[in-house]
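Novice: The structure's right below; bear with me while I get my questions together.
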Amino acid sequence: MIARALEMTILPLTRVFARSAPARPRGADRRRSARWVLLYGVLAFGLLTLALETAAETVRPEWRDPEYGYRLRAVRRWQRERPDRPLVLVLGSSRTQFGVSPADMNLPDEPGAPLVYNFGYTSAFPLGMWFQLSRLFDDGIQPAVVLVEFASIHTRIDGPAEVQFELMGLRLSAGDVRRFAPYTSDPTVFGRQLDAARRNPWASRRPALMGDLLPDWRTADVRANNRVWESMDPYGRIFFRLEGTVDPTRRLREEGRKHASGLDAGEPGAVSDRALRDLAAACHARGIKLALFRAPESPEYRTMYTPAGRTSFDEYARTLARDFGAPVFPAPDMDEADFADGFHLLPAGAAKYSRWLAERHLKPWLAEALR
């Protein structure tokens with residue numbers, strides 16, 4: 001893309017300037033020649049920067065938001081290679097990224113068989129799921145079915161988009177800023193972050209660019225940063241790797257302290273509730289079948305719910321099922337050893353859960369939903 005931009009823009013311009021520049025600089029003219037060289041360099045860099053940012057905004061979203069862009073690329077490839085298989089998109093947070101393994105669902109690779117793709121995204125809580133699906137619609141992706149993660153604590157999240165995703169501005173396009181606008185209190189926040197990224201895209205896009213164009217030149221920090229999307233399997237699932245020697249029980253207790261207040265009785269967050277309803281409305285308007293699935297949690301994590309908290313979450317799930325006309329698939333009982341921290345599944349746990357979900361709920365429901 002960048003090489004093509006150079007060929008189409010910079011090279012013709014240099015030929016034009018070359019015709020007007022002195023052919024054989026002598027003496028004082030050498031200073032003028034040096035200025036021409038500097039001008040060419042500045043012009044080339046400016047046009048190359050423009051080409052980079054234009055590509056990131058349009059045809060190469062993985063240079064701007066790799067976590068989204070690489071999944072979009074994979075979905076498009078699947079649709080080209082398997083146009084006769086209905087696409088089933090699974091939306092959710094890192095719980096979904098690590099925990100839903102389509103490869104372990106034992107779905108046949110044949111015409112008419114559902115093609116399940118994990119489109120989880122880091123910290124994609126209800127508003128994030130709505131946002132990713134809106135992006136996909138605008139990028140021409142039309143799934144037959146959408147599965148939506150229902151994690152009780154995530155439904156409590158509230159606040160405007162610029163607070164929920166305060167560090168996301170560098171990943172956004174101009175279209176993304178417009179998508180988020182109805183959910184923002186200060187619509188200028190994301191715009192300012194986008195402008196900052198555009199002013200110096202070589203810095204803001206560096207990890208993604210190196211991962212795509214110069215993978216062997218990456219530093220250790222870039223490799224670590226890129227692992228989130230580079231470890232995806234062909235179906236979008238990411239493998240959770242335990243770092244160091246931290247005991248999973250200790251991880252659970254540390255995270256549990258952060259979650260405790262959100263596992264008591266209370267109302268769903270207004271923004272999260274609105275996002276889920278907007279997501280459901282968008283699917284219904286397009287004739288897309290919708291189902292929710294409760295994210296699995298470890299036995300010890302489940303003990304952190306208060307009785308009133310469990311009751312309020314169950315009631316909210318029933319309300320959404322009724323209002324959306326969609327099933328809510330329950331979570332199975334799993335072992336503590338299946339989890340890294342009580343709510344992120346390890347690879348063996350993800351395989352176990354995905355087989356259970358497919359056999360117990362997904363396959364029978366899809367057989368009816370896709371008729």
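The values are calculated or read from the model by the stated rules, or taken from the named source; none is laboratory data. Computed from a predicted structure; not experimentally measured. As a convention, Cβ positions derive from the backbone with ideal geometry for all residues, glycine included, and neighbour counts pool all protein chains shown.
Novice: Please enumerate the residues belonging to the stretch 166-196 that are part of a helix (DSSP H, G or I) and among the charged types (D, E, K, R).
Specialist: Within the stretch 166-196, R171, D176, R178, R179, R192, D195 qualify.
Novice: What helices (runs of 4 or more DSSP H) lie completely within the stretch 264-325 and have 2 or more residues being among the hydroxyl-bearing types (S, T, Y) and surrounded by fewer than 14 Cβ atoms within 10 Å (Cβ to Cβ)?
Specialist: Helices (runs of 4 or more DSSP H) meeting the threshold: 307-324.
Novice: Follow-up question, since we're still on this one. Give the stretch 91-119 a look and list any residue that's in a loop (DSSP other than H, G, I, E, B) and among the acidic types (D, E), or say none.
Specialist: D109, E110 - these are the residues of the stretch 91-119 that are in a loop (DSSP other than H, G, I, E, B) and among the acidic types (D, E).
Novice: Another question, if that's okay. May I ask you to list the residues in the stretch 128-165 that are over 12 Å from the mean Cα position of the chain (by Cα) and in a helix (DSSP H, G or I)?
Specialist: F137, D138, S152, I153, H154, T155, R156, A161, E162, V163, Q164
Novice: What number goes with the only condition from (1) part of a helix (DSSP H, G or I); (2) under 27 Å from A340 (Cα atoms) that T122 does not pass?
Specialist: The failed condition is (1).
Novice: Within the stretch 192-214, can you find the residues that are over 12 Å from W63 (Cα atoms) and either at pLDDT below 70 or out of contact with any helix residue (DSSP H, G or I) (no Cβ under 8 Å at 6 or more places or on another chain) (or both)?
Specialist: Once the filter is applied, which keeps residues that are over 12 Å from W63 (Cα atoms) and either at pLDDT below 70 or out of contact with any helix residue (DSSP H, G or I) (no Cβ under 8 Å at 6 or more places or on another chain) (or both), the stretch 192-214 yields D195, R199, N200, L214.
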